[in-house]
Every structure is written in structure tokens, then in C-alpha cells.
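The values are calculated or read from the model by the stated rules, or taken from the named source; none is laboratory data. All of these numbers come straight from a predicted model, not from anything done at the bench. Every residue, glycine as well, gets a Cβ built from its backbone with ideal geometry; the counts of neighbours run over all protein chains shown. Only protein heavy atoms, including side chains, enter the accessible area calculation; ligands, DNA and RNA are left aside. Shrake-Rupley method; radii C 1.70, N 1.55, O 1.52, S 1.80 Å.
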Amino acid sequence: MSSIKTALKSEAVRPKLQVKENAPVPSMESEARTLLSEDAFVSMLYLERRRAERAQKRFVLVLVDVKRALDDGNKNRTLAKIGIALTNSTRETDILGWYLEDNLIGVIGTELGETAPKIIHERLLEKLRAAFQHSVGKDKSSKISVSFHFFPEEYG
């Protein structure tokens, strides 16, 4: 038997990859997004900054200062509510994580297009304020501050 026939015969005996039709796929909508650890988030921020420089695409880093809101003794419960508010008011593709553990939560928003930073700032801030007030109440939401940082930095 020739070497080609031997190779073809041995391939026919090997098990092939089985693909099941209609296999259930876990739904991402039902699963809550989690906050990345400080190290993981800062690494993602570094990578996104490099990508933005290379591709000349803008992104925004939103820093949410939660330190004062977490000082009430119900830290885990308050943090869970803040996390839900952030998840509901950001896009699924935005990256959420600790910029500074137990102090600052960061949100990396990419694909800004040509939208002016002022418009992004106003709309997202309005959305976040409403979400925080709904989730933790007016008193605690007044203790949360938000800052916006656009990359690459825009001068003027």
C-alpha cells in the first residue's frame, strides 16, 4: 500500500470532533458582571491605552469614588448595589474593576466614535446619578463622586 493510502486510512480511523446541534449556550444577560481586581483592571487599562494609541481611537476612563459610601458598616451590601447600578448603566463591553481597591471603581468605555467628550460626560453622569439614587438612595448616592478621563488627552 502506498504511503498516501496509509495516511488516509489512519486519518479515517481517528475520532473526529463532534459538534452537537442546538447545544445550550449560557446566556450572558442572566449572569452579573463582576468587578475585576485592582491588578487585572490596571492591566486592562494599560492594554486599552496602548490599543488606543496604536489604532488612534478614543476611550474614556470613568472613576467612581465609593469610599465614603462604603463607610456605613454595610460595605458588602452597598457595594453590591453600586455594582448592579454600574452594570445596568454601562454597556456590556465596558470593563468594570477596582482602580484602587475599596476606594475607586473604574469603568473603561471604548468605541466612543466622534461623540464630543462633553456630551459623553453629561449623558453618562446623568445615567449614573439616576442609577445610584435608585439603588442606594439619595443620601448614599450624594457620597459617591464621579470623574471622567478621556484618552488620548484632548487639549483646549
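Using a basic spin-label model with each label point 7 Å from the Cα along Cα→Cβ, how many nm lie between S145 and K57? The two pseudo-label positions are separated by 3.2 nm. Which of the chymotrypsin sites (Phe, Trp or Tyr not before Pro) found in region 75-156 are loop residues per DSSP with 12 or fewer other Cβ atoms within 10 Å of their Cβ? Here the sparse-neighbourhood loop sites are Y155. Using a probe of 1.4 angstrom and keeping all protein chains present, the accessible surface of region 52-114 works out to 53 square angstrom per residue.
Karplus-derived 3J(HN,Hα) values for region 118-130, using 6.51 cos²θ - 1.76 cosθ + 1.60 with θ = phi - 60°, are 4, 5, 4, 4, 4, 5, 5, 4, 4, 5, 5, 4, 5 Hz; glycine and proline are entered as x. Each residue was assigned an accessible area with a 1.4 Å probe, and for E53 the value is about 110 Å². A Förster distance of 35 Å, applied to the separation of the beta-carbon atoms of A116 and N76, puts the FRET efficiency at 0.40.
Element breakdown for region 48-116 at a 1.4 angstrom probe: carbon and sulfur atoms account for 45% of the accessible area.
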